[in-house]
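Visitor: Starting off with a structure, shown below.
The values are calculated or read from the model by the stated rules, or taken from the named source; none is laboratory data. Just so it is clear, the model here is predicted, and its values are computed rather than measured. Using ideal geometry, Cβ is built from the backbone for each residue, glycine included, and neighbour counts are taken over all protein chains shown. Ligands, DNA and RNA are excluded from the accessible area calculation, which covers all protein heavy atoms including side chains. Shrake-Rupley method; radii C 1.70, N 1.55, O 1.52, S 1.80 Å.
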Amino acid sequence: MTDCSKKLEDRILAGDDINGGEAVLLSFMEEGVETMFGYPGGAIMPLYDSLHQSEDCFRHILTRHEQGAIHAAQGYARVTGRTGVCLATSGPGATNILTGIADAFLDSTPMVCITGQVVDNLVGTDAFQETDILTISMAVTKWNARVSKAEDLPAVMAKAFYIANAGRPGPVLIDITKNVFAEKLKFRYAKCHSLQTYMPIVQPDIEQVIKAADWINTAKRPMVLFGQGIILSKSSEELRQFVERTGVPAAATLLGLSALPDDHPLFMGMLGMHGNYAANLKTGDADLVLAIGMRFDDRVTGEVSTYLKQARIIHVDIDPTELDKNMETELEIQADAKEFLKSLIPLVRENKHEEWVNSFQELATQEQNAVINDDLHPVSGRITMGEAINEVGKIVNPDTIVITDVGQHQMKVARYFPFKTARTLVTSGGLGTMGFGLPAAMGAQLGHPDRTVVAFIGDGGMQMTMQELVTIAHEKLPVKIFVLNNGFLGMVRQWQELFFDGRYASTTLPGPDFVKLAEACGMNGMRITERESLADQMKEAISFDGPLLVDVVVEKEENVFPMVPPGAAVTDMILSGK
Amino acid sequence: MQTKKQYLVTTLAQDRVGLLSRLAMVFSRRGININSLHLSETAMKGIAQISVVVKTEPRTIKQVVKQIEKQVEVMQAYSNEQPVWESSLVVQKQVV
C-alpha cells in the first residue's frame, strides 16, 4: 500500500470496517491507479466524498463533460499502457461515457469505468437518473457487472482490472448501486491473475511458428502488415529485428504507426484508404503477407474480396475472433505479438530482398511528385494542413506525443508526422470519434507530464468537446493545441466533392474565434495565417510554457490523396481526383 | 452467399445475471434468429449449459461460436450441424 493509504490501512489493521466508497479507492490503490477522470452526480456522490477525504492519494481531474472524462482516460491509457479510470454517475452520466467506451472497445484500450447506480431497492423502477447501463453497455464492453453488496466489491474490482488488461485489452464497466458506498465491509484484496473461464493464449504453437518461418524463408516478395498489437505487446524492438534480419518491407495500419520509426528503410508507410501509394499497391504483388496485431479493417483492405488474392497470408493475433473474421487466411496463429516474434526471429534466415524492396521506391516517387510535394511545399494559396504538421514535426523532440481528432487532419498527421518513438500517436481508429482529440490530449499530458504533447484537431472536432479547454487551462496542462481550421467538415466535404457532385450538404461550419475562445477559457491563443511566418510562429508555439491554442487558418477546400475510392480495390488507389 | 444450415450451438458458461443477454447479443448483432433455446444447470457448480438452435451460414457459425467463446463467462462453446426437423399437423375429421 502507498503511504497515502496509511489512514485506511491502519483502520483495516485495527479491525475496523471500512465503507464501500473507501473500498473502491483501496482497490484503485492496490491496482496502482494514481490518476482518474470523472464527473460527480447523485448516485456516485458518496464515492466522491470518500475521494475528497483521500485527495492526497489520487489526482482526480474534473472534466466539463463525462465524454471529456472518458476520452481523457483513454488518452492516459494509450500513452502509458496503464489502465484508464473514469468515474460517472448514473443515468446521463453513464450514457455520456458510452461513446468513449465504444471507442476503447474498438481500439483495444484497457479501461475501468465506475458508474454510480440508484440504490438497490429502486433498480428497475425508472427511478430518477436510472438507466440500465449494464444492458446498454453490453455490446461495447469486454465485461461489465453490477455490485449491489459492498462485500462483493474487492473481488469484482480485482476481476475488472484483470479483464481490462488480459489478452486483448478493452473497457470494463462496473455499475455500483449507491447503497454500496455506505455499507461496511471487511476489506481483503487479492489481485486477480487468471480466471477459470477466461485464459487468453499468449504463447504461439511452435509448429505453426516453424511453418511461418518456412514460408517467410522461401517467399520471393514477402511483406509485413502490422497494427496496434505491436504497440500493445511492446514488441517494436522485436519487429525491427525481424524486418532487418529478413529484409522484409513493412507497412502499418493507422494504429500501428510509430511502432517502427518513420525513417526506417524497410518501413513503407501506412496502409489503407489514405495510406501510402507503394504500401497499398505492393500488397497486390506480395506472394506472402505476415499480418501481426492487425484486424484487416475495411479501411485497410478496401474491397475485401479483391485483397491479397495472390498472397499466402499468415495472420497473428491474440484475439481468436479476429482470425478468419474479415479475411480467410492460410495460417492463423493465436498469440501475443511479442511472444510470436521472439519465437520466430531465430528461425528466419537473413535476407535482403533488394529488388523487391527497391520496387517500392518507384511508386513512392510517383506519390511524392503527384501528392506530397504540393501538400508540403505549396507555392500559392493558404497554408496547407500538411505544411503545418510537417513544420511541427521538424522542431519537436522525437518522443513528442501526437494526438489527433478525426477527419482530414487525422489522415494528414498519419501521412506526414515523422513518428520516431513507439506509442507516440493517439488517435481514434476504429470508431472514428470526432471530439476525441482535445480530451485525449489532456489525458496524454497527465500520463507523461514531462513530454511535449501536441494535438492536431479540426475545427469541427474541436467544437464537439471544446469545453475541455477550461479543464486544460485550469489544470495548467501545457498541451499545444493546433486547430487546423478550414471552416468545413473537411472529410465529409471531400466526399461530397468527389462522390456527390459537389453538393455541400451541412458541411460548411462557421466557428467561433478560437483565439478569443482560448483566452475566455483561461489559456493563451495564437493565430497563424501566413506561410511566411509559419515556421517562426510554430517554434514560438512549441517553446511556449503552458497550455496554448494555435488557430492555424488553412486552405478551405484541400483534399486528402492518395485515396482508395469506396468499394474499390486498394490496388486501384488514385493519386488525385482528376 | 453460402447456403444456410441449421446448427445446435452448445455453450458452457458461468451462470450469472446477464449471461443470456450477452449470448443473445452475439446472435442478434448478426441478425440471426434463435429458433429454440434451453438453459440448464450442469453437474459443475455454478456452470450452466445453454443450447441454442439457429439457422445460418457455415462461415458465420464459426465466427459466432468464437465470439461466444470470447465472452468472459464462457468456458467452452461449439456447434454441430443439425438435420432440419420439419413437423406438421394433420387434422382429420373422422366420422364414426
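Visitor: May I ask you to list the residues in segment A:322-339 that are open to solvent by less than 30 Å² (accessible area, probe 1.4 Å) and either within 14 Å of another protein chain (Cβ to nearest Cβ) or over 15 Å from residue A:226 (Cβ atoms) (or both)?
Guide: Across segment A:322-339, the qualifying residues are A:322, A:323, A:324, A:327, A:329, A:331.
Visitor: Kindly provide the set of residues from segment A:448-482 that are open to solvent by 20 Å² or more (accessible area, probe 1.4 Å) and part of a helix (DSSP H, G or I), ordered by number.
Guide: A:470, A:474
Visitor: Given the criteria touching a helix residue (DSSP H, G or I) at 6+ places or on another chain (Cβ under 9 Å) and either at pLDDT below 95 or within 14 Å of chain A (Cβ to nearest Cβ) (or both), does residue B:57 qualify?
Guide: Working: touching a helix residue (DSSP H, G or I) at 6+ places or on another chain (Cβ under 9 Å): no; either at pLDDT below 95 or within 14 Å of chain A (Cβ to nearest Cβ) (or both): yes.
No: the conditions fail for residue B:57.
Visitor: Going by what's in this entry, would residue A:191 be described as open to solvent by 60 Å² or more (accessible area, probe 1.4 Å), within 30 Å of residue A:242 (Cα to Cα) and touching a residue at least 60 places away in the same chain (Cβ under 8 Å)? Give the steps one after another, and end with the answer.
Guide: Values: open to solvent by 60 Å² or more (accessible area, probe 1.4 Å): yes; within 30 Å of residue A:242 (Cα to Cα): no; touching a residue at least 60 places away in the same chain (Cβ under 8 Å): yes.
Criteria not met by residue A:191.
Visitor: List pairs: first in segment B:71-83 and facing chain A (nearest Cβ under 8 Å), second assigned to a loop (DSSP other than H, G, I, E, B) and surrounded by 20 or more Cβ atoms within 10 Å (Cβ to Cβ), Cβ under 8 Å, 6+ apart or cross-chain?
Guide: Close Cβ pairs (under 8 Å, with a partner that is assigned to a loop (DSSP other than H, G, I, E, B) and surrounded by 20 or more Cβ atoms within 10 Å (Cβ to Cβ)) amount to B:72/A:142.
Visitor: While we're looking at this one, here's another question. Mind checking which residues of segment A:286-306 are outside any helix (DSSP H, G or I) and under 26 Å from the mean Cα position of the chain (by Cα)? Can you show your working first?
Guide: Going through segment A:286-306, the residues outside any helix (DSSP H, G or I) turn out to be A:286-297, A:302-303.
Those that are outside any helix (DSSP H, G or I) and under 26 Å from the mean Cα position of the chain (by Cα): A:289, A:290, A:291, A:292, A:293, A:294, A:295, A:296, A:297, A:302, A:303.
Visitor: What about residue A:505, is it in contact with a helix residue (DSSP H, G or I) (Cβ under 8 Å, 6 or more places away or on another chain), open to solvent by 60 Å² or more (accessible area, probe 1.4 Å) and modelled with pLDDT of 95 or more?
Guide: On the way: in contact with a helix residue (DSSP H, G or I) (Cβ under 8 Å, 6 or more places away or on another chain): yes; open to solvent by 60 Å² or more (accessible area, probe 1.4 Å): yes; modelled with pLDDT of 95 or more: yes.
Judged against the criteria, residue A:505 is a match.
Visitor: With the requirement that a residue be away from chain B (no Cβ under 14 Å) and outside any helix (DSSP H, G or I), what does segment A:114-141 give you?
Guide: If the condition is that a residue be away from chain B (no Cβ under 14 Å) and outside any helix (DSSP H, G or I), then A:114, A:115, A:116, A:118, A:119, A:125, A:126, A:127, A:128, A:129, A:130, A:131 are the ones that fit.
Visitor: Run down A:135, A:115 and say which single residue is hydroxyl-bearing (Ser, Thr, Tyr) and touching a strand residue (DSSP E or B) at 6+ places or on another chain (Cβ under 7 Å).
Guide: Among A:135, A:115, only A:115 is hydroxyl-bearing (Ser, Thr, Tyr) and touching a strand residue (DSSP E or B) at 6+ places or on another chain (Cβ under 7 Å).
Visitor: When the residues of segment B:1-59 are narrowed to those that are touching a residue at least 12 places away in the same chain (Cβ under 8 Å), part of a loop (DSSP other than H, G, I, E, B) and among the β-branched types (Val, Ile, Thr), which ends up surrounded by the fewest Cβ atoms within 10 Å (Cβ to Cβ)?
Guide: In this case the residue turns out to be B:3.
Results for (1) more than 13 Å from chain B (Cβ to nearest Cβ); (2) open to solvent by 60 Å² or more (accessible area, probe 1.4 Å); (3) of a type in the set (A, V, I, L, M, F, W, C); (4) without any contact (Cβ under 8 Å) to a residue 40 or more places away in the chain, shown as yes or no for each residue.
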site: A:143; (1), (2), (3), (4): no, no, yes, yes
site: A:153; (1), (2), (3), (4): yes, no, yes, no
site: A:164; (1), (2), (3), (4): no, no, yes, no
site: A:168; (1), (2), (3), (4): no, no, no, no
site: A:171; (1), (2), (3), (4): no, no, no, no
site: A:184; (1), (2), (3), (4): yes, yes, no, no
site: A:195; (1), (2), (3), (4): no, no, yes, yes
site: A:208; (1), (2), (3), (4): yes, no, no, no
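Visitor: Scan segment A:40-62 and give yes if some residue there is polar (S, T, N, Q) and surrounded by 24 or more Cβ atoms within 10 Å (Cβ to Cβ), otherwise no.
Guide: Looking through segment A:40-62, none of the residues is polar (S, T, N, Q) and surrounded by 24 or more Cβ atoms within 10 Å (Cβ to Cβ).
Visitor: For segment A:483-501, check the following and say yes or no: at least one residue is on the phi > 0 side of the Ramachandran plot, open to solvent by 10 Å² or more (accessible area, probe 1.4 Å) and without any contact (Cβ under 8 Å) to a residue 12 or more places away in the chain.
Guide: Yes, there is a match, as at least one residue in segment A:483-501 is on the phi > 0 side of the Ramachandran plot, open to solvent by 10 Å² or more (accessible area, probe 1.4 Å) and without any contact (Cβ under 8 Å) to a residue 12 or more places away in the chain.
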